[in-house]
Amino acid sequence: MGDSSLTSRDASGVERVLIAASGPGFEMQPVDAAGAPTGPVRWTADLAATALDLERHDRPRWVWWRTAEVYPVLLEAGVRVERCHDLAAVENLLRTHAGERFTSPQSVAHEPPRGRSRQTSLFDAPADPAQNDEEPGRPQPPAGLAGLRESHASQARRIAGIRPGQPGFPLLVAAESAACLAAVEMGRAGLPWSTRIHDRVLTDLLGPRPQHHGRPRLLQALAEEVSRLLGGTDQQPMNPDSPADVLRAFRRQGVVLETTRAWELKQVDHPAVTSLLRYKELSRLHVAHGWAWQDQWVRAGRFHAEYVPGGVVTGRWATSGGGALQIPKVMRGCVVADPGWVLVAADAGQLEPRILAALSGDRGMIAATADPDLYTALAQQALGRPEARQEAKIGLLAAMYGARANSPAMGALRRRFPQALDLLERAARTGENGGIVRSVLGRTCPPPESSWQDVPPEKALARSRARGRFTRNFVIQASAADWANALVAGLRRRLAAMPSAGSGRAELVFFQHDEVIVHAPATLAEAVVSAVVESGAEATSLVLGERGVHIPLAAAPIASYAEKN
DNA sequence: GCGGTCTGCGCC
DNA sequence: AAAGGGCGCAGACCGC
């Protein structure tokens, strides 16, 4: 398959290849960017060999239904691809843009069994759509190569239709697809995780690993102490895991609580509070990131998560299993580079307010982004005091999240940065009135439920306000996600272009909203730092344009994630 | 016993 | 000091 008849280049020099399972092999066909075939359908029994050959010679944009289903097969065979068009992900983008409701892309692990309609191989459409039990609204895979071709052509038409109003939409499509590739690669590579350090942290905090189920020793001691201080007995111990139990116990002690949330407990003067708060903290570590978690998710020194790009309505990534996006700070020390390797960890400091500056075009706030500590600059400009950093930070975060508190700092910010605060207010009004908002590249929030205001008047107001908070935050969070996907896309491209350094190549191993970790041979450390910084600058330029906004990306080689910040 | 919802808290 | 946006997860809880 060394000849180029399978592919043809489109105007931008990138050819596309549709690929669909067919019997024991795969059908492939070259198409142009508009979706029109530019060559015949070919069949191959050996996908990996064919794909490797094409990837070496033509580097096409692979067009397939869902990256998470086919890319693992290619990676397993040693084939890494440069670019793709993920039809399922793009279908979600197009449908929400057209006003349909959001359906989270399904993780592969949680694919429901399909019984008799089960697919026989990758890309096969379900034998009988009537038997398909997927939730309504979720894009279904088209049948066969012909269906795939039509889906792709349809998407090309719809994207072209969006482009005049949303010039960034093709970039959104490309970045989302690249994110899908990166997600599979990251899940496969895994995050370097020292079970030895993990064991030590757990043992230090909780006591030795219990033989069977049940609480570790120190945790059990804390539970007993809490129970005793709240009037429990050996016969009838109070269960600190049970909110109802805790509320009852406090009430008997004369303390009336609304909830057992930490912030509320902290306001109570009672000897049991300290122990209970400590218990909650440690219990959470035990249940969420304890030995059971390690057994389930860490294999051969790597934490393998399943990442789901676009799994969140705002375009943020989700994970399925393992809670990769919720690793507690106290566990970061478990993330350590292999001997002779480094971690290059980087995060975009204060991403969301910088995004706000760019979206609103507020000159004053854009100027403030030149400061590596944006909040200090804001405090200086709005309040005249750099020491007021914390007030400025809380004020701006409250404005972006929709808190009701209207602090003096927020008022000062509004006077000094009217365009920025006005953008948030307008997004909120739009949402309250049932409208939709979009990210900078065109990712679109779902419409309200058709009957969302069909409730008693006093509830209607609350709902309306809640939706205003959602859309207010959506424009920022979704645009930040646009930026982050562009960062990931650029970084994986640069890392792939790096030479392998004897022991291996630099790999993206972690991504969390605005931060990345690359695991790399130590000799490549500086090159990786440069790649990260360049990718950040590129993302800013591509997604936000040349508006003078700075999004600093602090990247440094470290041995352990605990060294970061 | 099972599945759905609630609660509370980890991360951004 | 107050309790605002987005998630995933585990245990408690509740109804079947």
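Tabulated results
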item: Extreme residue, farthest from A:Pro240 (Cα to Cα), among residues of segment A:188-227 that are within 27 Å of the chain's Cα centre (by Cα) and among the hydroxyl-bearing types (Ser, Thr, Tyr); result: A:Ser194
item: Lone unmet requirement of (1) within 16 Å of DNA strand B (Cβ to nearest atom); (2) open to solvent by 10 Å² or more (accessible area, probe 1.4 Å); (3) over 30 Å from A:Cys445 (Cα atoms) for A:Val342; result: (1)
item: In segment A:29-67, residue surrounded by the fewest Cβ atoms within 10 Å (Cβ to Cβ) [restricted to those that are in contact with a Phe, Trp or Tyr (Cβ under 9 Å, 6 or more places away or on another chain) and closer than 19 Å to A:Pro105 by Cβ]; result: A:Arg66
item: Segment A:518-542 residues that are more than 16 Å from A:Ala348 (Cβ to Cβ), paired with ones that are part of a helix (DSSP H, G or I) (beta carbon under 6 Å, 6 or more apart); result: A:Ala520/A:Val528
item: Condition check for A:Pro30: in the same structural domain as A:Ala153 (by TED's automatic domain parsing) and part of a loop (DSSP other than H, G, I, E, B); result: no
item: When residues of segment A:289-308 are limited to those that are open to solvent by less than 30 Å² (accessible area, probe 1.4 Å) and over 21 Å from A:Glu507 (Cα atoms), the one nearest to DNA strand C (Cβ to nearest atom); result: A:Trp293
item: Failed criterion for A:Asn406 (all others in (1) away from DNA strand B (no atom under 14 Å from the Cβ); (2) more than 30 Å from A:Leu94 (Cβ to Cβ); (3) not in a loop (DSSP other than H, G, I, E, B) hold); result: (3)
item: Which listed residue is farther than 26 Å from A:Arg469 by Cα, modelled with pLDDT under 95 and either under 25 Å from the mean Cα position of the chain (by Cα) or surrounded by 20 or more Cβ atoms within 10 Å (Cβ to Cβ) (or both), from A:Arg385, A:Arg332; result: A:Arg332
item: Residue list for segment A:231-271, restricted to those being open to solvent by less than 80 Å² (accessible area, probe 1.4 Å), more than 14 Å from DNA strand C (Cβ to nearest atom) and hydrophobic (A, V, I, L, M, F, W, C); result: A:Val255
item: Positions within segment A:258-281 being of a type in the set (A, V, I, L, M) and within 8 Å of DNA strand B (Cβ to nearest atom), in sequence order; result: A:Ala262, A:Leu265, A:Leu277
item: Any hit, segment A:397-407, residues being small (Gly, Ala, Ser), open to solvent by less than 10 Å² (accessible area, probe 1.4 Å) and near DNA strand C (Cβ under 10 Å from one of its atoms); result: yes
item: Residue within segment A:429-445 that is surrounded by 21 or more Cβ atoms within 10 Å (Cβ to Cβ) and in a helix (DSSP H, G or I) present; result: yes
item: Neighbours by Cβ (under 7 Å, 6+ apart or cross-chain): first from segment A:330-341, assigned by TED's automatic domain parsing to the domain that holds A:Ala520; second outside any loop (DSSP other than H, G, I, E, B) and small (Gly, Ala, Ser); result: A:Arg332/A:Ala562; A:Gly333/A:Ser560; A:Gly333/A:Ala562; A:Val335/A:Ser560; A:Val336/A:Ser560; A:Gly340/A:Ala522; A:Trp341/A:Ala520; A:Trp341/A:Ala522
item: Qualifying residues in segment A:309-328 (those that are open to solvent by less than 30 Å² (accessible area, probe 1.4 Å) and in a strand (DSSP E or B)) - the one nearest to DNA strand B (Cβ to nearest atom); result: A:Ala318
item: Close pairs (7 angstrom Cβ cut-off, 6 or more residues apart or separate chains): under 13 Å from A:Trp293 (Cα atoms) and open to solvent by 20 Å² or more (accessible area, probe 1.4 Å) in segment A:192-209, aromatic (Phe, Trp, Tyr) and part of a helix (DSSP H, G or I) anywhere; result: A:Arg209/A:Trp291
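Table: residues versus (1) in contact (Cβ under 8 Å) with a residue 40 or more places away in the chain; (2) of a type in the set (A, V, I, L, M, F, W, C).
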{"residue": "A:Thr38", "(1), (2)": "no, no"}
{"residue": "A:Trp43", "(1), (2)": "no, yes"}
{"residue": "A:Asp53", "(1), (2)": "yes, no"}
{"residue": "A:Arg56", "(1), (2)": "no, no"}
{"residue": "A:Thr67", "(1), (2)": "yes, no"}
{"residue": "A:Leu74", "(1), (2)": "no, yes"}
{"residue": "A:Arg80", "(1), (2)": "yes, no"}
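The values are calculated or read from the model by the stated rules, or taken from the named source; none is laboratory data. What you see is a predicted model, and the numbers here were worked out from it, not measured in a lab. Heads up, the Cβs are rebuilt from the backbone with ideal geometry, glycines too, and the neighbour counts pull from every protein chain shown. What goes into the accessible areas is simple: the full protein's heavy atoms, side chains included, and nothing from ligands, DNA or RNA. Shrake-Rupley method; radii C 1.70, N 1.55, O 1.52, S 1.80 Å.
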